[in-house]
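Okay, so here's the structure we're looking at.
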There are 2 protein chains.
Amino acid sequence: MKRIVIVGGVAAGMSAAARLRRLDEQAQIVVLERDRYVSYASCGLPYHIGGVIPDRESLQVTTPAYLRETMNLDVRTEQEVVGVDRDAKLVHVVDLRDGARYDEPYDALVLAQGAAPLRPPVPGIEHPRVLTLRSIPDMDAIIALIDGGAQSAIVIGGSYIGVEVAEALRARNLAVDLVELQDQVMPLLDPELATPLRDHMQQHGVEMHLGTAATAFHDVGGRVAVELKSGATLTADLVVLAVGVRPIATLAKAMGLALGPRGGIAVDTHMRSSDPAIYAAGDMVEVTDTVTGEPALIALAGPANRQGRILADHICGRDAAYTSTQGTAVVKIFDMTAGMTGASERTLRRLGRPFTKVYLHPSGHAGYYPGTAAMQLKLLFAPDDGKVLGAQIVGYDGVDKRLDVLATAIRAGLTVYDLEQLELAYAPPYGSAKDPVNMAGFVAANLLRGDVALWYAEDYAQLDPQTTLIDVRSPEEYAAWHMPNAQSIPLPELRARMGEIEAAAARGPIRLYCMVGFRSYLAYRIVRQHGIVDVATLSGGAKTFLGFYHTSLDNGQPDLPVVVATASDRAAEALVGTA
Amino acid sequence: MKRIVIVGGVAAGMSAAARLRRLDEQAQIVVLERDRYVSYASCGLPYHIGGVIPDRESLQVTTPAYLRETMNLDVRTEQEVVGVDRDAKLVHVVDLRDGARYDEPYDALVLAQGAAPLRPPVPGIEHPRVLTLRSIPDMDAIIALIDGGAQSAIVIGGSYIGVEVAEALRARNLAVDLVELQDQVMPLLDPELATPLRDHMQQHGVEMHLGTAATAFHDVGGRVAVELKSGATLTADLVVLAVGVRPIATLAKAMGLALGPRGGIAVDTHMRSSDPAIYAAGDMVEVTDTVTGEPALIALAGPANRQGRILADHICGRDAAYTSTQGTAVVKIFDMTAGMTGASERTLRRLGRPFTKVYLHPSGHAGYYPGTAAMQLKLLFAPDDGKVLGAQIVGYDGVDKRLDVLATAIRAGLTVYDLEQLELAYAPPYGSAKDPVNMAGFVAANLLRGDVALWYAEDYAQLDPQTTLIDVRSPEEYAAWHMPNAQSIPLPELRARMGEIEAAAARGPIRLYCMVGFRSYLAYRIVRQHGIVDVATLSGGAKTFLGFYHTSLDNGQPDLPVVVATASDRAAEALVGTA
């Protein structure tokens, strides 16, 4: 009879335990969980704070008693593993309820301890109202403060947990300040995609403090004052720290297991550590990034669950392998959805990997059917063979769907030419005859085939001074807002005014733009076929441009009149055929 | 200068025209459309009838004038092509507004005439209130009758258009009867998936008449009486015929172009007909089925648009190819969504192709986050290598997303083992850490690896008389409903009662079931590992079973208490780990 000890009873650990039991009815399976709860819905915690999930019990998906009766699992809560004797294959355990110590023998040991919220060494951070959110007790502590009358909160960190907590606290009518070290929310997104999220959070009453950090915490009559690097001081009834997580590697280090370069447990494709009797899975391990091949720490529930399953298979003698993690993630931010899969531009630049990119702004479903809005889609792909490297999307309806299609495409090794051909489900409430993913494929493939040349918003400041910048939108759109130095030649007038463009081309480059990039693509085709070589169209148009330059360019200039312009672009897009 | 004539100005035709112009600024591009409208939103017509799309103008996505000014396209409406001189490369045209005849020369001719609604030769079908819905004038005629006081309607045909029209007419408060020849709605779905759709339509006030057909239409004081094969007669203020479409092949036949075995225009991978100067695309052509390789008529907007694009590329000297159509489709039916991609079981059986299948009922997103419901997912795959052959899903939230992921998987040639590993976007509002697509992969891969043996609902009537049928749900669930002849051994009691099961196994096969198939899978693993060989678990559980046998088994028996049972199964599913 095989004896298996699992340290940690949430995602990876419980997934491993359940799979082990299914594969081996005879094994003795012991799950040791430090906390009072196992297999709880950690991703649901912010939503119970906000009241979206009213029933606290629903977060406790199961109990040790139920696990025993259906799965014959020996699940023990409030048990801390304080050491492992790898030679004797013994786990040293402390029962946190009474301090009793005991040993548990194993044939295979599984570490699934997860990751812990970072608490940086900032003066005053030990203030009792500076909280984190990782477990049910953490959640209870935050709710207790709100129920006790807290009316304001400072969220430190603008990634997943931070934005989810900010939304939850707003739902409870607290005044919320959000502080983020980077100059954007959701730092895993490339910055231009984060701009609409920042605006949206501000519209929902979250005061944004980007590009700054907390340098000290002080008590002010029981409340917390947070000093910022920017010099400002914020005061609130509570602070939620959400500045990231770190693998819980103390035990593994003490045991002498090999760590990876990023500080997580090093594992092979079977999720086996440097000790062949010891496996690890979930947020505590280092994985291989699907796209870059680099070691990575990626704390996600889906990979954790699959890793638990795979190591269970391997313990039971199967040749299961976990290949890589691509970092597919999604987050709800008030009415918006944002997510990514594969590599970001920032990552590809950091690693010096060749890539190219396109931006587009398709609507979630047919524009004439109510309830849709434009999403911003950024696709990163290999300039040689067109292999999809990454995608990021922010928007409203249908964002998660396109993320999943693109995640599947990356996993399958598809190219942008394959995206052109995908046959996706279309009816007006769900999509368009040319789905956003198809459109991304069309634009990217056009680029690789040389049918279009693109310029990018970040190049605006470095444009050749001899450049003629042409806005091909309608005169009304141009009047409402245009890029500094742009002149207006509406698309319908373009053919008649080719003389002007030829004269400009004799002086220098021609750079075109419209609202989202479609009309200027049509303009590009006309200009290019008139023999003008140095012409390019702005990828993603003014909408993407404003994602880059919102802060620096909106000094006094009105925002884009989005509704008018979108209707106009929709008419232009109709040219590609409808149904 | 190339002269290109396109016959038909909606999806395929207009997509071709727009792409041609982008690739060839100099070409003369003439689009001849018989109707008064081009490039209109044909898929939106039912939604304007129902009032969901209030603005009729929004269906006319563009106009000939706009197409001329932006794309320099010569788009002519109300022009009928009455003949083609293939030797002289001349199209004979009649201007329907004044009867004038003229010829239009071409270097390349594109046929994109679409398909026409079938009007079977049933006596009385020419009644002026027996309408079809394919064009804007068709829509206007239906709306005129409703605005004129029509209070009841009979929809004949229960596929896409039929169910969409039925929903639209209910939204206008008409009494609606739906008549369908097959014994199910949505005949492209396998029948067991259609059962919940039928029930849902009935709950929304559509009177269902399945397995029957109209045999005659009579005028009754201006209204229409429909005699049914069943002997019943229905009377209503209008009838909408939606019994399918047929390629508009009259012109192609008169020209002597080759047709395919299904009656559509035969084309090569460049969408070129048997005459190399003549292309065809959209609903009028025969395509190759992605999964079966068989010729097929598949009228879908997405493929039509892509075919138009591909033939435009080929006309311009590029080597673009259209490989196949997999039939990905989705439909909204009141609050439900249903769809499919790839081959159905019916098709695979008809062709004698080997396949196996699994059913599951995952929820659209995390069960503890509000607004989700179980979907029914059927996955068809190759028994040898696990290649995904087809999928069908009916449910509420997240159906279209999983269809698109599975459609992408089929296009990429993925297997069920790949589905296990897909890394899809998870947050509680969007999915589960183990997404429904992952779950489908787990169940299917378990089957192929021999970790589970399944039995299927359709085998119920043929079970070996010595079979012991065991319901492993709770006693409460068993008491509320159970399969005839089933005995109750709740999962938590199973290990203690193995003696009973061993005794039963000595007599004959053991067949297990629960609500959705998860608890009985756990039970299977226990029983099988106790050395019992002839044991199998019901794929999809009682929920799938009721999809098969609803009609024959619900004589007096209450429906399943779905809420209670789902909560219980959710607890069981928690065993596979959460996050």
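The values are calculated or read from the model by the stated rules, or taken from the named source; none is laboratory data. The model shown is predicted, which means the values in this text are computed figures rather than measured ones. Positions of Cβ are backbone-derived with ideal geometry, glycine not excepted, and every protein chain shown enters the neighbour counts. To get the accessible areas, we keep the full protein, side chains included, count just its heavy atoms, and leave off ligands, DNA and RNA. Shrake-Rupley method; radii C 1.70, N 1.55, O 1.52, S 1.80 Å.
Cα extents for the stretch B:55-146 along the principal axes, largest to smallest and rounded to whole angstrom: 44, 35, 24. In this Cβ point-charge picture (+1 for Lys and Arg, -1 for Asp and Glu), the stretch A:174-226 has a dipole of about 200 debye about its Cα centre. Assuming charge only on the beta carbon of Lys and Arg (+1) and of Asp and Glu (-1), the dipole of the stretch B:205-259 about its Cα centre is about 300 debye to the nearest 20. Taking the charge dipole of the protein assembly as shown about its Cα centre, with +1 at Lys and Arg Cβ atoms and -1 at Asp and Glu Cβ atoms, the residue from B:370, A:117, A:220 reaching farthest to the positive side is A:117. Within the protein assembly as shown, antiparallel bridges make up roughly 55 percent of the DSSP beta bridges whose residues both belong there.
For chain A, what does the relative contact order come out to in percent, with C-alpha contacts under 8 Å and a separation of six or more?
Worked out over chain A, it gives 10 percent.
Dividing the Cα radius of gyration of the stretch B:386-461 by its Kirkwood radius returns 0.99 for Rg/Rh. Couplings 3J(HN,Hα) of the stretch A:463-480, computed from phi: 4, 3, x, 7, 5, 9, 9, 10, 9, 9, 6, 6, x, 5, 5, 4, 5, 6 Hz, in residue order, whole Hz [Karplus 6.51 cos²θ - 1.76 cosθ + 1.60, θ = phi - 60°; x for Gly and Pro]. Of the residues B:444, A:189, A:521, the one whose Cα sits farthest toward the positive end of the charge dipole of the protein assembly as shown, with +1 on the Cβ of Lys and Arg and -1 on the Cβ of Asp and Glu, is B:444.
How much accessible area per residue does chain A have, counting only protein heavy atoms and a probe of 1.4 Å, in square angstrom?
On the way: 19770 Å² over 579 residues.
Heavy-atom SASA per residue in chain A reads 34 Å².
Going from the chain on its own to the full set of protein chains, the stretch B:467-493 has these residues losing 50 Å² or more of accessible surface (heavy atoms, 1.4 Å probe, no ligands, DNA or RNA): B:492.
Note on chain B: Cα-only Rg and Dmax are 26.9, 89 Å.
Roughly how many Å is it from the Cα centre of the stretch A:293-343 to that of the stretch A:485-500, as a whole number? One Cα centre to the other: 50 Å.
For the chain pair B and A, the buried solvent-accessible surface (1.4 Å probe, both sides summed) amounts to about 8600 Å².
The residue among B:38, B:490, B:390 whose Cα reaches farthest toward the positive pole of the charge dipole of the protein assembly as shown, with charges on the beta-carbon of Lys, Arg, Asp and Glu, is B:390.
Take residue B:396, push a point 7 Å out from Cα through the beta-carbon direction, and compare it with the same point in every other copy: 2.3 nm, smallest first.
Rounded, prolate or oblate, given the Cα gyration tensor of the stretch B:285-407, with a/c below 1.5 counting as rounded? It is oblate, given that a/c is not under 1.5 and a/b is not larger than b/c. Give me D for the stretch A:363-504 in µm² s⁻¹, whole number, from Stokes-Einstein with Rh from the Kirkwood sum over alpha-carbon pairs, 37 °C and 0.692 mPa s. For the chosen part, D equals 188 µm²/s. Each Lys or Arg adds one and each Asp or Glu takes one away; over the other residues whose Cβ falls under 10 Å from the Cβ of residue A:214, this sums to 0.
Starting from the Kirkwood Rh over alpha-carbon pairs, what translational D in µm² s⁻¹ does the stretch A:342-443 have by Stokes-Einstein at 25 °C and 0.890 mPa s?
It diffuses with D of about 180 µm²/s by this estimate.
The listed peptides B:447-457, B:159-169, ordered by packing as a protection proxy, come out as B:159-169, B:447-457 (highest mean of other Cβ atoms within 10 Å first). Sorted from nearest, the other copies put their residue B:351 label points 3.9 nm away, the label point being 7 Å from Cα in the direction of Cβ.
Remark: relative contact order (the stretch B:182-241) = 22 percent; criterion is Cα-Cα distance under 8 angstrom and separation of 6 or more residues. If you fit an axis through the alpha-carbon atoms of helix A:399-411 and take the longest principal axis of the Cα set of chain A, what angle between them do you get, 0 to 90°, nearest 10? The helix A:399-411 is inclined about 80 degrees to chain A. Of the GluC sites (Glu not before Pro) found in the stretch B:59-121, the ones in coil according to DSSP and having at most 16 other Cβ atoms within 10 Å of their Cβ are B:78. For the stretch B:155-214 versus the stretch A:102-116, the spacing of their alpha-carbon centroids is 56 Å. Each pair of Cα atoms in the protein assembly as shown enters the Kirkwood radius, and Stokes-Einstein at 10 °C and 1.306 mPa s then converts it into a translational diffusion coefficient of 50 µm²/s.
If both residues of a DSSP beta bridge must be in the stretch B:281-429, then about 95% of such bridges are antiparallel. Pairs of Lys residues in chain A are counted when their Cα atoms are under 15 angstrom apart and they lie 8 or more places apart or on different chains; the count is 8. Note that the stretch A:93-172 shows a convex hull volume over its alpha carbon atoms of 160 Å³ per residue. Taken about its Cα centre, the stretch B:124-240 carries a charge dipole of roughly 180 debye when the Cβ of each Lys and Arg holds +1 and the Cβ of each Asp and Glu holds -1. Remark on residue B:75: its backbone amide H falls under 5 Å from those of B:31, a criterion applied only to residues 5 or more positions apart or on other chains, H modelled at 1.01 Å from N.
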